Each structure stands twice: as C-alpha cells, then as structure tokens.
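Engineer: Quick one: this structure, given as structure tokens, is what I'll be asking you about.
Computed from the coordinates by the stated procedures, all read-outs in this text should not be read as laboratory data. Note that the structure is a prediction, hence the values are computed from the model and not measured. In this analysis, Cβ positions are derived from the backbone assuming ideal geometry, glycine residues included, and neighbour counts consider all displayed protein chains.
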Amino acid sequence: MAWNIGANDVANAMGTSVGSGALTLKWAIVVAALMEFAGAFLVGSHVTNTVRKGIIDPVVFTGDPNSYIYGMIAALLAAGAWLNIASYRGWPVSTTHAIVGSVLGFGLVFSGASSIHWNTVSQIAASWVVSPLLSGAISFSIFCLLRRMIFYSKTPVKSAKRITPFLVFLVLGVLTLVMVFKGLKNLHMDLSLSNALILAGLVGLLGALISIPLVNRIKSSIPEEKQGPLVDPLVEKSMQKVVMHLRRIKESATGELSDEVTKILDRSEKISNQLEKYTHIKHVSTDYLTVEKIFVYLQILSACFVAFAHGANDVANAIGPLSGVLSAINSGVIEMEAQVPLFVLLLGGAGIVVGLATWGWRVIETIGKCITELTPTRGFAAEFGAAITIVLASKLALPVSTTHTLVGAVLGVGLARGLNSLNLSTIRDIVISWVITIPAGAAITVVFYFIIRFAFS
C-alpha cells in the first residue's frame, strides 16, 4: 500500500515541479524521498487513528479479533491492488478514496451498515469536495497576486526580486512551524506555540536574508539598455477590456450608432493585437523569462513543502490499518486507542519512497503536462496552495485526498488564465477515475476478505 501511495500520490506532489521544468525527474525523486520520509516519520501519526478506527465501530469485533485482522489486511491488499492498476495506467487516483472504500466494503460485508460511523464517512467525503475547492481558491489567489505584483509591473524583474525574500520567509516559516509545533510527537520533542512561532520566524528570516544576494545575482537575459521601451502590462490589459465592452455595445446598438461602434471596435482590436504582439516580443521574452528563472528556486522550496505535507497525511492510509492489526495481534482485543509503533512509521515512509522511485514517473506525466501548461510561477502557486490545504487537514486529523487537493490547485492556477488553458478531456478522465476508485476498492476487499478468511480459518 505504501509502495503504491509513492507511485501514485507522491507523483502528484512532484508533478508540477517536473511539468514546469523546475526539477528534473531524477532530482524530483531525490527531493521527494527526503521530504516524504520526514513528513511520514515526524508527523504521520496525526491522521492514522481516523482511518483505522473512525470508520468502523470496533465494538462489533469484540470476541472475534481474527475477523478484524482479516478485514484490515484485505482492505490494505485491495487498496494496494487497485492503486497498482491505476499507477500502471497513469491514472492519478486518490489513495484515501481507495483505503476508505476498502474499509467500508469490509465493514458492510462483516456486520452491515450499522457498524459504520456514517458521520465520520460524511466528514471525509465532505473534505474531498472542500479540499480541491480550498486549494484551488488559495492557488488562484496566490497566482493572481503574483501576476498583479510582478507581471503587471513595469519592471517585472525588480518586482520579483523585491517580493522573493517575503515569499521565502513565508514558505520556510510555515514549513518550520508545521515540523516543530506538535509535529515531533513521535520523538517527544514537542514545542509550545510561542516557541514554535519564534523558531519558525528565525528560520524564515534566515532563509529570506540568504535569498536576497542570491536573487540579486540573477540578471535579465538581455541588458536593460538593449531592451528598448517597454509597454506597461496594465495598458495592454485595459485595452483588452475596452475591446470587450465595445463588443457588448455593438450587440445592443442599431442603425448609425452600430456602424460607428463597429469602426471603433475594429480600430481598437488592431491596437490591442499590436500591443499584445509588442509586449510578447519586447517584454515577455526577456523580463518574464528572468522572473521564471527566479521562481524555479521558489518552486523547489514549495515542492519540499508539498512532499513533507503529503508524507504527513497520506502515510496513514498504509499504516493506519496495519497499526490496528498489530494492536489486535498483540493484545487479542480491538482497542479504541493504540500506539503507532515507530517501525511502522519507518516502514510506511520507506514504502512511499520506493514507490516514487519505481513507478512515480507514470502519474507525473499526467499531472505535470496534461492538465494545463505550467511554468515555475504557476507551479509555485499550485504547490504552495495545495501544501497549505494538506497541512491544515493533517493538523485537524482529517484525511483529505492529496490527488484532489493538488489537481484542484492546478485547476485554480489554470482558471486564473481562462478556461481555454485547461485540458478538459484530461480533467474528465481524472474525475471518472476518482468516482470508480471507491466501489473498486470495496468490491476487491470483499474478494480478498473471503479468500483470507477461508485460508486461515
């Protein structure tokens, strides 16, 4: 299960970095391996209990711990089998969908609907809708803010250099805060909120100070004296609005007024096209490319953030049922609370890393190249928005779908550029794969459950 989480979901986390060119596939695997393992090992236990004991009422297994063991193992096998098929096909499906669907299938076949905590299931289902909407809104806002502060500026490179230290402070500060504030529970190194905030601020400040001389070393590909006069991007944007309003007026106008508006519209469209062409040649091809070069480093930082957050949240899908099985074997009873063994967290983190290194490239292509065209700035906005959503879910002990969150973030960035920038056929296929995952996991679980029960009874 952990191997397939690495092959499928981790590919989603790193797909934007590879798709935008910020990281090569080789370096994406190295970065993800380090950060995923750290997230799974340091903060992974925060969400394990919800998956393990929040869906089925353990009371129904009193006096029959073997059935519980068989069912949890069947759920792991079923979810892993379905994810294996999906990863091979390059489908970015939800590992949370897979394991929750599998556990539901086992619970229904063992004791019927009465054993299911439907309130918990409904909360998890709601998070599958809320998480892509939230991550999409956050990523949309981040990208629009970057576009307004940098790309609509008369001096994009200078604006990017000015804002970069603040972005570095934010990314490093939040990442550090996640790691230290109730995040080192397994190592018994918890810090209070005030101390965690101080440490996060110091780390963020140090990173920001280091980033200042680094970004100042980045120069435009063409010297300023050879670039020629630049058009303010706001002029081009305003002209596009003029054309849009004139088209609306033309639809309602009649007679001589319609003829006059048509003439003005034709002239305005020519001016708008000339501005767009001039801006692309003189501005986009020089300063904008330099800005993207700066954001390569920021996206690598945000990629680390996403990988850490994913490891913290989705390792529960593998080690949650396993923790329940080990607890039942050791004690002979189904306990409401069970300590997650340290070696189980290590096993889950290692499995995720191996999965990414072997089959991760398959889903990376779908996420990074097939939904929308990505650049480092767009990838940064998508990854950072997704990471914030995932970390919030991890701290609230609510298992969200990383797939939904990241796809929602990429969609949010794409929508900021208009609906035409999205590959709707790929999005349709992804949504269909999401819908199929839950019933597939439930059905396969039933088959595995009866096989295991027959073999060991």
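Engineer: Collect residues whose amide H, placed 1.01 Å from N in the peptide plane, falls under 5 Å from the amide H of ILE56; neighbours closer than 5 in sequence don't count.
Structural biologist: HIS117
Engineer: What value, in deg cm²/dmol to 500, does the helix sum -39500 (n - 2.57) over DSSP H runs of n ≥ 4 give at 222 nm once divided by the residues of the chain?
Structural biologist: Details: 17 runs with 350 residues, N = 457.
So the calculated ellipticity at 222 nm is -26500 deg cm²/dmol.
Engineer: Order the peptides 372-382, 144-154, 353-363, 77-87 from the highest to the lowest mean number of other Cβ atoms within 10 Å of their residues. Mind showing how you got there, number by number?
Structural biologist: Numbers: 372-382: 26.7, 144-154: 16.9, 353-363: 21.7, 77-87: 23.8.
Ranking the peptides 372-382, 144-154, 353-363, 77-87 by packing returns 372-382, 77-87, 353-363, 144-154.
Engineer: Highest first, please rank the peptides 105-117, 130-142 by the mean number of other Cβ atoms sitting within 10 Å of their residues. Show your work: numbers first, answer last.
Structural biologist: Values: 105-117: 17.5, 130-142: 22.5.
Answer by packing, highest mean first, reads 130-142, 105-117.
Engineer: How much net charge surrounds TRP359 when only other residues with a Cβ under 14 Å from its Cβ are counted (Lys, Arg +1; Asp, Glu -1)?
Structural biologist: Residues close to TRP359 contribute a combined charge of 0.
Engineer: Report which label in (i) 86, 57, 37; (ii) 106, 52, 47; (iii) 60, 48, 35 holds the value of Cα extents along the principal axes in Å derived from the coordinates of this structure.
Structural biologist: Label of the calculated value: (i).
Engineer: So how do MET35, MET239 line up by other beta-carbon neighbours within 10 Å, fewest first? Each step should come with its number before you reach the end.
Structural biologist: On the way: MET35 24, MET239 19.
Exposure proxy ranking, most exposed first: MET239, MET35.
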